[in-house]
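Here's the structure, in structure tokens; my notes come after.
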Amino acid sequence: MPVFTDYLWFNTKKRQEFVRITDQIAAIVKASKIAEGTVLVSAMHITSGVYVIDWEDGLIHDFQVWLEKLAPAGLDYKHHQTGEDNADAHLKRTIMGHQVVVPITAGKLDLGTWQRVFYAEFDGQRSKRVIVKVMGE
Amino acid sequence: MPVFTDYLWFNTKKRQEFVRITDQIAAIVKASKIAEGTVLVSAMHITSGVYVIDWEDGLIHDFQVWLEKLAPAGLDYKHHQTGEDNADAHLKRTIMGHQVVVPITAGKLDLGTWQRVFYAEFDGQRSKRVIVKVMGE
Amino acid sequence: MPVFTDYLWFNTKKRQEFVRITDQIAAIVKASKIAEGTVLVSAMHITSGVYVIDWEDGLIHDFQVWLEKLAPAGLDYKHHQTGEDNADAHLKRTIMGHQVVVPITAGKLDLGTWQRVFYAEFDGQRSKRVIVKVMGE
């Protein structure tokens, strides 16, 4: 079974930023020449996520407001006693998930009409990485 | 490596409905003749999820109450300025997850005693789809 | 395509406990002799999860406080009318997720610097199981 691996790099301007990556994933799948299988897209950090949602700016805003409500920054987290200040980033990323498996059918990402893959950065402004592993035949 | 793909269709009567799909997944795995591997079960919409939980009606009720508390309908979401009214469905589905990977051992779904696969609809009353992709040997 | 399956067993002393399992997963991958692929690590119970986070005790504490806030024990859950008392364990585990897919590259778990795999027990003090399924080449 062929297995094909690549990595995506990010360095967002803002601390929190959601980045569309469907086209990059599709390009890696095309390069892999795998026509039937799956592609794992998985953040390699514990303060960023990967998820599937609509490409709509209002909705992205709604997610950010919602995550701040469920997992607020600035609380007195124990993790911060180590010198860190990003406990909320870990919590937010847990809600969003840190990986997706996208099916590949007939050489293409088999996504629904409105499904797009996003990288969710919660502690950016530095170099971060996502692994993309294609498996199939 | 064999790869076998099928789709499940849903058109729920209610806007929000949780549907048991373990038997349909098991039937697709049987048809695939794959004895060792995994099956990806993934919603193709951004307002529905797939998850694994107990088959118990009280618990399903508890999940619905809980999701309404964490991600309420009827708030003034930005997404609704596009004419949509389902932002809460996107949030609820994010908590539940939109896909699971079920292991296959000796030709059967290798689930724990109480584990059942569910389709979670948060914006139903129309045609929706789940992809089922079996991989292995 | 080789597929290799193993199981991890747990019996935690406390009802809620987070257990580091990266080394056990790495040992199973080594035994599988699969050099390129993925390993599915999936809880076989509906009151335990598997997730990836930092190995830092303060952060583990923060997660436990946070989960108790989002999914409190002791509420009047419908599920408890069946004689159960663990509805909150189901909700907490849903937030954390019950499975991860870890990429394998060059014979090793391809994790980021701070990524560690954890088993999250929310209803312990009895025998529980996680399936570990390695696939690749």
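The values are calculated or read from the model by the stated rules, or taken from the named source; none is laboratory data. Please read these numbers as outputs of a predicted model, since none were measured by experiment. Cβ placement follows ideal geometry from the backbone for every residue including glycine, while neighbour counts extend to all protein chains displayed. We work out accessible area using only protein heavy atoms, side chains counted, and drop any ligands, DNA or RNA first. Shrake-Rupley method; radii C 1.70, N 1.55, O 1.52, S 1.80 Å.
Multiplying each eigenvalue of the alpha-carbon gyration tensor of the protein assembly as shown by 5 and taking the square root yields semi-axes of 28, 24, 24 Å, largest first, rounded to whole angstroms. Put simply, region B:71-135 fits an ellipsoid with semi-axes of 32, 13, 9 Å; these come from the alpha carbon gyration tensor as the roots of five times its eigenvalues, largest first.
Surface burial for C against A, with a 1.4 Å probe and both sides summed, reaches about 2400 Å² of accessible area. In whole percents, the pair-distance distribution calculated for chain B from its alpha-carbon pairs, binned every 10 Å from zero, is 12, 40, 31, 14, 4, 0. With contributions of -39500 (n - 2.57) from each DSSP H run of at least four residues, the per-residue ellipticity at 222 nm computed over the protein assembly as shown stands at -8000 deg cm²/dmol.
Exposure check, 1.4 Å probe, all protein chains in place: B:HIS61 carries approximately 80 Å² of accessible surface. For the residues B:LYS108, B:LYS33, B:LYS78, a GNM of chain B with alpha-carbon springs under 10 Å puts the largest fluctuation on B:LYS78. Near the amide H of C:ILE104, within less than 5 Å, lie the amide hydrogens of C:GLY37, C:THR38, C:VAL39, C:ASP110, all on another chain or at least 5 residues away, with H placed in the peptide plane. Calculated FRET efficiency, B:GLU68 to C:GLN125, Cβ-Cβ distance, R0 = 30 Å: about 0.40 to the nearest 0.05. For B:LYS33, the lysines whose Cα comes closer than 16 Å to its Cα, not counting residues fewer than 8 places off in the same chain, are B:LYS108, B:LYS133.
Charging the Cβ of each Asp and Glu at -1 and of each Lys and Arg at +1, and nothing else, the dipole of chain C about its Cα centre rounds to 340 debye. Rolled with a 1.4 Å probe across the full set of protein chains, the surface gives B:ARG20 an accessible area near 70 Å².
Taking C:PHE18, C:PHE63, C:PHE122 in turn, the Gaussian network model of chain C (Cα-Cα springs below 10 Å) assigns the largest fluctuation to C:PHE63.
Between copies, the label points of C:GLU68, set 7 Å from Cα on the Cα→Cβ line, lie 2.8, 2.8 nm apart, reported in increasing order to one decimal in nanometres. Sorted from closest to farthest, the other copies place their A:ARG15 label points 3.5, 3.6 nm away, with each point set 7 Å from Cα along Cα→Cβ. Solvent exposure of region C:31-137, expressed per residue, is 35 Å² of accessible area, with all protein chains present and a 1.4 angstrom probe.
For region A:3-20, the Karplus equation 6.51 cos²θ - 1.76 cosθ + 1.60, evaluated at θ = phi - 60°, returns couplings of 10, 10, 10, 8, 10, 10, 10, 9, 8, 6, 6, 9, 4, 10, 7, 10, 10, 6 Hz by residue, with Gly and Pro reported as x. When chain B is described by a simple charge dipole with +1 on each Lys and Arg Cβ and -1 on each Asp and Glu Cβ, the residue from B:PRO72, B:ILE21, B:VAL52 located farthest towards its positive end is B:ILE21.
Using the Karplus relation 6.51 cos²θ - 1.76 cosθ + 1.60 with θ = phi - 60°, the per-residue 3J(HN,Hα) values for region B:105-112 come to 10, 6, x, 10, 4, 9, 9, x Hz, with x marking Gly and Pro. Rolling a 1.4 Å probe over the protein heavy atoms of the protein assembly as shown, with every protein chain left in place, gives an accessible area that is 51 percent carbon and sulfur. Shown in residue order for region A:68-85 are the 3J(HN,Hα) couplings computed by the Karplus curve 6.51 cos²θ - 1.76 cosθ + 1.60 at θ = phi - 60°: 5, 6, 6, 9, x, 6, x, 6, 8, 6, 4, 3, 6, 5, 7, x, 6, 9 Hz (x for Gly and Pro).
Starting from the label point of C:LYS108 at 7 Å along Cα→Cβ, the same points in the other copies fall at 3.9, 3.9 nm, in ascending order. Mind jotting down the distance between the C-alpha centroids of region A:50-126 and region C:31-71, whole Å? Here the two parts' Cα centres lie 17 Å apart.
Highest mobility in the GNM of chain A, judged by mean-square fluctuation with C-alpha springs under 10 Å and restricted to A:VAL39, A:VAL65, A:VAL29, is found for A:VAL65.
Straight-distance candidates among the lysines for linking to C:LYS69, with alpha-carbon spacing under 27 Å and chain neighbours fewer than 8 residues away dropped: A:LYS69, A:LYS78, A:LYS92, B:LYS69, B:LYS78, B:LYS92, C:LYS13, C:LYS14, C:LYS78, C:LYS92, C:LYS128.
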